[in-house]
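Structure first, commentary second.
The values are calculated or read from the model by the stated rules, or taken from the named source; none is laboratory data. These numbers come from a predicted model, not from an experiment. Here the Cβ positions follow ideal geometry from the backbone for every residue, glycine too, while neighbour counts run over all protein chains shown.
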Amino acid sequence: MKTHPDDSAFAAGACNGFTHGLSKRELLAAMAMQGTLSADTRRVGSPCEVAHHAVKMADALISVLNVEGEKND
């Protein structure tokens, strides 16, 4: 099963084509950012650097999930 970054992170019905809440990509990035910031914050970089790194981590996880999903299809 393919993971789509813009799909809703939580199971919910769409209302008029719109879903509420975070996308999978946004949730994964937030979780990556939380993990980074839970470490020694004196060494994590500027807020923008942390945010960019978190998005890259989310994108990498989605990419790996899609490759693994293709192997299992």
Could you tell me which residue of region 42-68 is modelled with the highest pLDDT, considering only residues that are outside any helix (DSSP H, G or I) and surrounded by 11 or more Cβ atoms within 10 Å (Cβ to Cβ)? Gly45
Criterion violated by Ala39 - all others in (1) assigned to a helix (DSSP H, G or I); (2) exposed (fewer than 15 other Cβ atoms within 10 Å of the Cβ); (3) aliphatic (A, V, I, L, M) satisfied: (1)
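Go through region 20-55 and give me each residue that's among the hydroxyl-bearing types (Ser, Thr, Tyr) and closer than 23 Å to Thr3 by Cβ.
Narrowing region 20-55 to residues among the hydroxyl-bearing types (Ser, Thr, Tyr): 23, 36, 38, 41, 46.
Within region 20-55, Ser23, Thr36 meet the criteria.
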